[in-house]
Structure formats: C-alpha cells, structure tokens
1. Considering only region 56-66, state which residues are surrounded by 20 or more Cβ atoms within 10 Å (Cβ to Cβ) and assigned to a loop (DSSP other than H, G, I, E, B).
2. Can we say Gly32 is free of Cβ contacts under 8 Å to residues at least 24 places away in the same chain, touching a Ser or Thr at 6+ places or on another chain (Cβ under 8 Å) and of a type outside the set (Lys, Arg)?
3. If we keep just the residues of region 101-145 that are assigned to a strand (DSSP E or B) and out of contact with any Gly (no Cβ under 8 Å at 6 or more places or on another chain), which is surrounded by the most Cβ atoms within 10 Å (Cβ to Cβ)?
4. So which residues in region 152-176 are in contact with a Phe, Trp or Tyr (Cβ under 6 Å, 6 or more places away or on another chain), buried (at least 21 other Cβ atoms within 10 Å of the Cβ) and part of a helix (DSSP H, G or I)?
5. Looking at the structure I just gave you, is Ala30 at pLDDT below 90, of a type outside the set (Val, Ile, Thr) and surrounded by fewer than 17 Cβ atoms within 10 Å (Cβ to Cβ)?
6. Which of the following residues is buried (at least 18 other Cβ atoms within 10 Å of the Cβ) and in contact with a His (Cβ under 8 Å, 6 or more places away or on another chain): Ser52, Ser69?
7. Return the pair list, or none, for Cβ contacts closer than 8 Å from residues in region 156-168 that are at negative phi to residues that are surrounded by fewer than 23 Cβ atoms within 10 Å (Cβ to Cβ) and β-branched (Val, Ile, Thr), at least 6 apart or on different chains.
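The values are calculated or read from the model by the stated rules, or taken from the named source; none is laboratory data. Everything numeric in this text was worked out from a predicted model, so none of it was measured. Every residue, glycine among them, receives a Cβ derived from its backbone with ideal geometry; neighbour counts consider all protein chains shown.
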Amino acid sequence: MSSKLAPVTIPERTSDFLNSLVVGEPGDWATGKGHIAYPTRAQVLEMSVAISRDVPGNIVEFGTWQGHSTRVIRDELWNARVWNPGRRKRIFACDSFEGLAEDYEHLKAGTFKTAVPRLTGVRIVKGYFDDTLTPELAKEVGTVSLAHLDADLYSSTVTALKWLTPLLRPGSLLLFDELLGEDPAEMRALTEWADETGTRLALIGLFGRHPSGRGDMTDRRGLFQVVGEEKVRTPPPLLPTRLRRKIASTW
C-alpha cells in the first residue's frame, strides 16, 4: 500500500465559503464595518516582532510614511530588550516620502507624500526603491528576521522582494500590509516572486483590515514565514511573566 497522501478535495460550496472568508468580497467593508473586531496594525506588528525575536537578523520596513508602524516595531524591540536581553536588532525604514509613485485603487499618485519623520534609533533610507535598495545597503542590513512590506504597489513590492531574496533565511518573516483587497497587488508580487525563486513559505495568519485604497472591500494583512531545512523554534514568552506583571502594576 502506498503511503503517499491523496490530495485534499474541498467541496465546491465549502470552497466558495472559504474563499469569501479568506479573500473577502466586493462591498463587504460597507456591510461589516463596526460589526467585526479586526486586530489593529499595531497588534499584528507586535505579534510579528515577537515571533521573529529569536530569528537572527535585522528588521526592514518598505513603506514608512509618517513612521507610525516603525514606532510600534521599535517599541516592541525595546520591550524585548528590557525583559529578556539578547539579540539586538536594527530597524531600516525605506520610503521615498514622495507618496505613491502611481495610482493605486482609488488613490492618486502622490498620495501619502509627507515629511521625513524623526525616528530615533532607526536607520531611514530615503528614496525610491529602485535607487536605494543597493548591494551596499544589503551588506549593511545583513540577514533579515522580519520584513514589513507596506508599499501598496505591485512594482514597488516586486523590487523589495527581489532585493530581499539573498537576505532571507529559514524563519524569516514577511508581513504584507495589503496582501489582498480590491487590487491584490502585493499578492500578485508575492506569488510571482515565490514561483521564480522557489522560496517555500508557510502562512502564519491573515488579518482583516480597513480598505487601504479607500474602496469598499475589506483588505487582508498576511504574515508568512520562510521554510527551509534548518529548524526554527517558537520564541518563549518574555520571562518572568509574574514579575513583569507585578512591576507593571506599580507603574
């Protein structure tokens, strides 16, 4: 008897139901807004940083805007160093700060243009990815434990992923801020990149969010982990938990 597992067949109705839950449907934001408790970006980022804590390497963000997500990452790293000193990671924040290079969903090119934020302890890389994601920067970054991809556009995401390829290792995490939605540009880029490079990925989680392109379809954040021959471990909680709670209660 062969030990090879037979492919899983999902009934059509079940497949349609799962697809509507995973991908979403046009207009679902208008009907679901206020009735679903989606996790915030900060909560997803905090979890992602926590999972990547014991993965060697630094953190790179593609798409920084005013630095809100960068500050969450920085604060979560600070908490880890306070409660469980260990590997120290650097944060690289990459953005042109000139806004979208082209139209995206209902947003015009130039949307999100902003002044460069002041981010203490963060290496800001200003400029379009085609110009700034260089071999010299890759050498400075080294191995990447977590990449936060929030560039919206297909072209920008492809550029970031191709540059990241040699910097990833088993256990590295990829967090996409607009993986799925009205225009699943980041998903297209991810699919093509994984096919071209042969990178194996495990889906850690999908998280609903408001429409990034100001449409009426719910977006999805997506968290993936690179899979290889090398084993990785789930990082333990920041110990000691009871002591942390006791000290925190006095603040």
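1. In the first step, residues of region 56-66 are kept if they are surrounded by 20 or more Cβ atoms within 10 Å (Cβ to Cβ); the result is 57-64.
Matches in region 56-66: Gly57, Gly63, Thr64.
2. On the way: free of Cβ contacts under 8 Å to residues at least 24 places away in the same chain: no; touching a Ser or Thr at 6+ places or on another chain (Cβ under 8 Å): yes; of a type outside the set (Lys, Arg): yes.
Spelling it out, it is not the case that Gly32 is free of Cβ contacts under 8 Å to residues at least 24 places away in the same chain, touching a Ser or Thr at 6+ places or on another chain (Cβ under 8 Å) and of a type outside the set (Lys, Arg).
3. The first filter runs over region 101-145 and keeps only residues assigned to a strand (DSSP E or B), leaving 104, 107, 123-126, 144-145.
In the following step, the residues that additionally are out of contact with any Gly (no Cβ under 8 Å at 6 or more places or on another chain) were identified as 123-126.
Numbers: Arg123: 15, Ile124: 18, Val125: 22, Lys126: 14.
Ranking the candidates gives Val125 first.
4. Once the filter is applied, which keeps residues that are in contact with a Phe, Trp or Tyr (Cβ under 6 Å, 6 or more places away or on another chain), buried (at least 21 other Cβ atoms within 10 Å of the Cβ) and part of a helix (DSSP H, G or I), region 152-176 yields Ser156, Ala160, Leu161.
5. Details: at pLDDT below 90: yes; of a type outside the set (Val, Ile, Thr): yes; surrounded by fewer than 17 Cβ atoms within 10 Å (Cβ to Cβ): yes.
Against the criterion (at pLDDT below 90, of a type outside the set (Val, Ile, Thr) and surrounded by fewer than 17 Cβ atoms within 10 Å (Cβ to Cβ)), Ala30 qualifies.
6. Criteria check complete, one pass: Ser69.
7. Every condition considered, the pairs that remain are Thr165/Thr197; Thr165/Thr199; Leu167/Val141; Leu167/Thr143; Leu168/Thr143; Leu168/Thr199; Leu168/Val226.
Here is a yes/no grid of residues against (1) touching a Cys at 6+ places or on another chain (Cβ under 7 Å); (2) within 24 Å of Ala50 (Cα to Cα); (3) loosely packed, with under 15 Cβ neighbours inside 10 Å; (4) not β-branched (Val, Ile, Thr):
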{"position": "Thr191", "(1), (2), (3), (4)": "no, no, yes, no"}
{"position": "Asp195", "(1), (2), (3), (4)": "no, no, yes, yes"}
{"position": "Arg200", "(1), (2), (3), (4)": "no, yes, yes, yes"}
{"position": "Gly222", "(1), (2), (3), (4)": "no, yes, no, yes"}
{"position": "Gln225", "(1), (2), (3), (4)": "no, yes, no, yes"}
{"position": "Val232", "(1), (2), (3), (4)": "no, yes, no, no"}
